[in-house]
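Novice: Can you read through this structure? Questions will come right after.
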Amino acid sequence: MIAFVFPGQNSHYVGMGRDLHAAGGPAVAVFETAQSVLEPELLTVMFEGPAAALRRTQIQQPAIVTHSLAALAALRESGIAPDFVAGHSVGEYSAVACAGCVGAAEALRLVRFRAELMAAAGDSRPGAMAAILGLGRAAVEELVEQAGDADVVVVANYNSPGQIVISGAVDAVERASALAGEAGAKRVIRLDVSGGFHSPLMEPAARPLIERLERADFATASVPVVSNVDAQPRTDPGEIRDALGRQMTSGVMWRQSVERMVSEGVQVFVEIGPGTVLSRLIRRIDPDVSVLNVEDTESLEQAVAELG
């Protein structure tokens, strides 16, 4: 069985998608859709930069989903199809589009709206995120509880064994980071984000997003979408919308999602979109599965050869 997985924020880079666009084919239609429903300059920023513009949440999230859906369109031309789909944070919108719940245009509109809400929430109440390497789940959850007496700090991402991301108010994240170092963490890395994503600080963004999702016309998923919030596979459109709404303030259960797909029989994961962040995480979660990626024409050809 095969799972298609889609990357989230901070997988961007200047030049993302340019090779696929130049190659023509079905990917071009996705890029054209993005230009028509988003900012006309999006492709210029993706292909040429500047990097500072691409780092902005309002640009970065739609760019990542645009690249992912373009790469997916190119891969689909080969006839390869998944048995499960999942995405990390904003990548879950790519997964939902892959499963046929919404078209590319609606997925991109939702992602842009989500990104604008998250950026505004970060401006109104500054937050931070940090990756803690080398500590187990129980240890991180304990230090987060210790650091959160005065302000919000929570576990935001269970990424892989030994990599957990925390999120919340700046001071609380700094306190938790210091405690992590004292507890023996190998490294604590402050993430380049514009707010405390996947934490209660995003509640002002979650409410209008949930209302927007409720107005969106979702179809039944053609394959199960494994949700970030609880690592459960879903095909019901109402349940998928609900999970996307809860995702804004909930932790991303990525390790648990991969483990669930493996338990269902998935042995091949294909990361579709910019970079190989998820590929590296999946190899740490389960070294026995096969992992491929599709982000440009070279990786596309390699994946099709492997899967054909």
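Computed from the coordinates by the stated procedures, all read-outs in this text should not be read as laboratory data. Because the structure is a prediction, the values reported are computed rather than measured. Here the Cβ is made from the backbone with ideal geometry for all residues, glycine too, and neighbour counts use every protein chain on show.
Novice: Among SER177, GLN163, GLY148, whose Cα lies farthest out toward the positive end of the dipole of segment 127-190, if unit charges sit on the beta carbon of Lys, Arg (+1) and Asp, Glu (-1)?
Specialist: The listed residue farthest towards the positive side: GLN163.
Novice: Considering the chain as a Gaussian network with a 10 Å cut-off on Cα pairs, which listed residue, ARG137, ARG215, ARG234, attains the greatest mean-square fluctuation?
Specialist: Ranking ARG137, ARG215, ARG234 by mean-square fluctuation puts ARG215 first.
Novice: If you don't mind, there's one more thing I want to ask. To make sure I understand, if each residue's beta carbon is the centre and we count other beta carbons within 10 Å, what order do TYR93, TYR13 fall in, fewest to most?
Specialist: TYR13, TYR93
Novice: Would you please give the FRET efficiency between ASP171 and ALA29, computed as 1/(1 + (r/R0)^6) with r the Cβ-Cβ distance and R0 = 35 Å, to the nearest 0.05?
Specialist: 0.15
Novice: Counting alpha carbon pairs within less than 8 Å and at least 6 residues apart, what relative contact order, in whole percent, applies to segment 127-190?
Specialist: Value for segment 127-190: 47 percent.
Novice: Report P(r) for segment 127-190: all Cα-Cα distances, bin width 5 Å, range 0 to the bin holding the largest distance, values in whole percent.
Specialist: The distribution over segment 127-190 is 4, 23, 38, 25, 9, 1, given as percents.
Novice: How would VAL226, VAL262 line up from fewest to most surrounding beta-carbon atoms within 10 angstrom?
Specialist: VAL262, VAL226
Novice: Here's another thing I want to ask about it. Go through LEU191, ALA73, GLN58 and say which Cα lies farthest out towards the positive end of the charge dipole of the chain; charges sit on Cβ, +1 for Lys and Arg, -1 for Asp and Glu.
Specialist: Checking the options against the dipole of the chain, the answer is LEU191.
Novice: While we're here: Given the options ALA139, ALA178, ALA52, state which has the largest fluctuation in a GNM of the chain using a 10 Å cut-off (strictly under) for Cα springs.
Specialist: ALA52
Novice: In addition: Percentage of Cα-Cα pair distances in segment 1-106 greater than 25 Å, rounded to whole percent?
Specialist: Considering segment 1-106, 13 percent of its Cα-Cα pairs are separated by more than 25 Å.
Novice: Please provide three numbers in whole Å: the alpha-carbon extents of segment 80-123 along the principal axes, with the largest listed first.
Specialist: 41, 20, 12 Å, listed from the longest principal axis down.
Novice: Out of ASP149, ASP286, ASP296, any idea which swings most in a Gaussian network model of the chain, alpha carbons joined below 10 Å?
Specialist: In this elastic network of the chain, the residue with the biggest mean-square fluctuation among ASP149, ASP286, ASP296 is ASP149.
Novice: Place a +1 charge on the Cβ of each Lys and Arg in the chain and a -1 charge on the Cβ of each Asp and Glu, then give the dipole magnitude about the Cα centre in debye, rounded to the nearest 20.
Specialist: 280 debye
Novice: Turning to a different aspect of this structure: Give, rounded to the nearest 20 debye, the magnitude of the charge dipole that segment 127-190 has about its Cα centre when Lys and Arg contribute +1 at Cβ and Asp and Glu contribute -1 at Cβ.
Specialist: Around 380 debye, computed over segment 127-190.
Novice: Below 8 Å between Cα atoms, with a sequence gap of 6+, how large is the relative contact order for the chain in percent?
Specialist: Contact order relative to length: 24 percent.
Novice: To the nearest 500 deg cm²/dmol, what mean residue ellipticity at 222 nm is calculated for the chain from DSSP H runs of n ≥ 4 alone, each contributing -39,500 (n - 2.57), summed and divided by the residues?
Specialist: -15500 deg cm²/dmol
Novice: Further, regarding this structure: Counting other C-beta atoms within 10 Å, which of THR276, THR220, THR57 has the fewest, and how do the rest follow?
Specialist: THR220, THR276, THR57
Novice: What whole-number volume per residue, in cubic angstrom, does the convex hull of the C-alpha atoms of the chain give?
Specialist: 116 Å³
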